[in-house]
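A short worksheet on the structure shown next.
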């Protein structure tokens with residue numbers, strides 16, 4: 001199904017305002033939002049929302065009716081994007097990403113992994129998580145800091161995407177990791193990546209929204225949980241995160257914009273977690289909390 005690109009253009013101040021609205025309004029839908037300068041001489045900027053074809057009418061209604069397009073004084077341009085695998089298209093040829101000892105790379109860059117580094121090979125596919133995004137890189141950095149000081153035994157990667165974080169956990173600890181995702185396609189690709197990297201014996205997979213899968217309940221409680229999803233779902237999952245974790249468990253959360261970090265942190269502190277640290281990359285926050 002092709003994506004629909006809904007865009008608006010104008011002066012920087014008004015487009016920044018529209019851009020912030022789109023980010024807030026469609027945050028829980030996980031629709032990408034872009035902001036760019038399109039004409040430096042005329043000081044013109046553009047913001048664009050990318051929606052599935054089936055979600056276009058709802059998105060337009062929310063833009064026009066909830067705040068009113070007249071309030072922006074802008075026309076909404078519509079463009080049907082080619083029905084191609086945009087993830088593969090955009091990631092093709094990206095250079096390896098180094099985060100601490102971990103190197104995330106494609107097949108063509110296997111030679112780039114040093115003798116003392118941990119290589120994770122991920123080919124461009126239809127699952128999120130290559131290390132190039134600030135959320136994945138932030139999680140990789142915190143995971144390595146944690147396992148230097150502690151030795152987690154029971155680990156869960158909630159919302160695994162391509163399984164980069166689960167693979168890193170398995171490689172760093174030599175212990176089993178349960179990796180879950182709401183998307184069956186992501187789980188299939190994650191399982192392929194585990195085989196590709198030689199960790200199919202340590203990684204187990206389940207399709208699950210949140211903590212609902214039997215596999216998650218059977219393996220609980222955990223002494224380390226990593227969840228790189230979205231701020232809204234993370235806040236909703238705080239009580240279940242506590243129920244599924246051991247006292248002293250390390251929790252690493254991302255998929256959180258910098259401006260959302262305080263709210264996510266508050267939701268977890270309220271549910272019995274202690275704040276340990278927060279990092280930021282490219283406007284995205286990663287939180288480390290510890291179960292009391």
Within the set 208, 190, 112, GNM on the chain using Cα springs under 10 Å gives the largest fluctuation to 112
Expressed in angstrom and rounded, the centroid-to-centroid distance over alpha carbons for segment 3-34 and segment 228-292 is 26 Å
Of 212, 254, 280, the most mobile residue in a GNM of the chain (C-alpha springs, cutoff 10 Å) is 212
Taking segment 129-291, the whole-percent share of alpha-carbon pairs separated by over 29 angstrom is 8 percent
Of all DSSP beta bridges with both partners in segment 165-292, the antiparallel percent, nearest 5, is 55 percent
Whole-number value, in Å³ per residue, for the convex hull of the alpha carbons of the chain is 143 Å³
Segment 224-292: relative contact order from alpha carbon pairs under 8 Å, six or more residues apart, as a whole percent, is 37 percent
per DSSP, antiparallel bridges as share of beta bridges in the chain, % nearest 5, sits at 60 percent
Per residue, the convex hull enclosing the alpha carbons of segment 229-273 has a volume in Å³ of 64 Å³
Fewest-first ordering of 275, 45 by Cβ atoms within 10 Å yields 275, 45
Relative contact order as a percentage, the chain, C-alpha pairs under 8 Å and 6+ apart, gives 13 percent
Expected sort for 4, 76, 143 with the fewest Cβ neighbours (10 Å cutoff) up front is 76, 4, 143
Per the Cα gyration tensor, segment 129-182 corresponds to an equivalent ellipsoid with semi-axes, largest first in Å, of 17, 14, 8
When the chain is treated as a Gaussian network with springs between alpha carbons less than 10 Å apart, the largest mean-square fluctuation among 226, 252, 97 is found at 97
Segment 3-83, convex hull of Cα, quarter of hull surface, nm² -> 5.2 nm²
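Every number in this text was worked out from the coordinates using simple rules, so none of it is lab data. No experiment lies behind these values; they were computed from the predicted model shown. Cβ sites come from the backbone with ideal geometry, for glycine too, and all protein chains shown count toward neighbours.
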